[in-house]
Amino acid sequence: GGVVIRRLLLAVLALPLVLGGLELQGEHAGFFNHTYGTGVAEVTGSLVLMILIWRTAKVLERNAGARKKVEEALHQSNESLEQKVSERTALLKSANQSLTHEISERVRMEALLRLQASALESAANAITISDRTGMIEWVNPAFCALTGYSAAEAIGHNPRELIESGN
């Protein structure tokens, strides 16, 4: 808009000077008298200014239409982006709730495992844990006290081997 207004300002300043100069030359040359020359200059100036204003209005109108289209596209892009952010926020919130639940469950299970390990360690009866082949993987202190074998000596052996060795 500012560029267009500056063009009009230049025309408003230059047009009267040019038309006034032409009017004076026409009068000195004897083509017409002062009254007729002034009338022609005023009508010509008015027509030129009307044409310039009309063309300027068209340019401004075209620019406004283009700006409106760009603003609409920007608005649609902004709405789409806000929708995506909202969807991703919901996904993150759901994932965060799931992780919070998993962490709580893990903490609960770890506490339960510590309790069970403590119970196995402090049991008065001898307890062994063996793999599928029958090899000892873990023994409690009561087993060591009853058999005389240390945990390191018992782990990796079959209980029958320990009994047959007679130790």
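Worth a mention:
Let's see how each residue does on (1) in contact (Cβ under 8 Å) with a residue 12 or more places away in the chain; (2) within 40 Å of the chain's Cα centre (by Cα); (3) on the phi > 0 side of the Ramachandran plot:
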site: HIS28; (1), (2), (3): no, no, no
site: GLY45; (1), (2), (3): yes, no, no
site: TRP54; (1), (2), (3): no, no, no
site: ASN63; (1), (2), (3): yes, yes, no
site: ALA66; (1), (2), (3): no, yes, no
site: HIS75; (1), (2), (3): no, yes, no
site: ASN96; (1), (2), (3): no, yes, no
site: LEU99; (1), (2), (3): no, yes, no
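- The set of residues from the stretch 118-151 being aliphatic (A, V, I, L, M), open to solvent by 50 Å² or more (accessible area, probe 1.4 Å) and farther than 15 Å from LEU162 by Cα comprises ALA119, LEU120, ALA124.
- Count - residues of the stretch 92-117 that are open to solvent by less than 90 Å² (accessible area, probe 1.4 Å) and either of a type in the set (Phe, Trp, Tyr) or over 30 Å from PRO141 (Cβ atoms) (or both): 6
- Selection status of LEU81, open to solvent by less than 80 Å² (accessible area, probe 1.4 Å) and either of a type in the set (A, V, I, L, M) or under 30 Å from GLY2 (Cα atoms) (or both): no
- Unique match (being open to solvent by less than 90 Å² (accessible area, probe 1.4 Å), of a type in the set (Val, Ile, Thr) and within 55 Å of the chain's Cα centre (by Cα)) among VAL18, VAL40, VAL70, VAL59: VAL59
The values are calculated or read from the model by the stated rules, or taken from the named source; none is laboratory data. Computed from a prediction, not measured in an experiment: that's the story for all the values here. FYI the Cβ positions are ideal-geometry reconstructions off the backbone, even for glycines, and counts take in every protein chain you see. Just the protein is used for accessible areas: all its heavy atoms, side chains included, with ligands, DNA and RNA removed. Shrake-Rupley method; radii C 1.70, N 1.55, O 1.52, S 1.80 Å.
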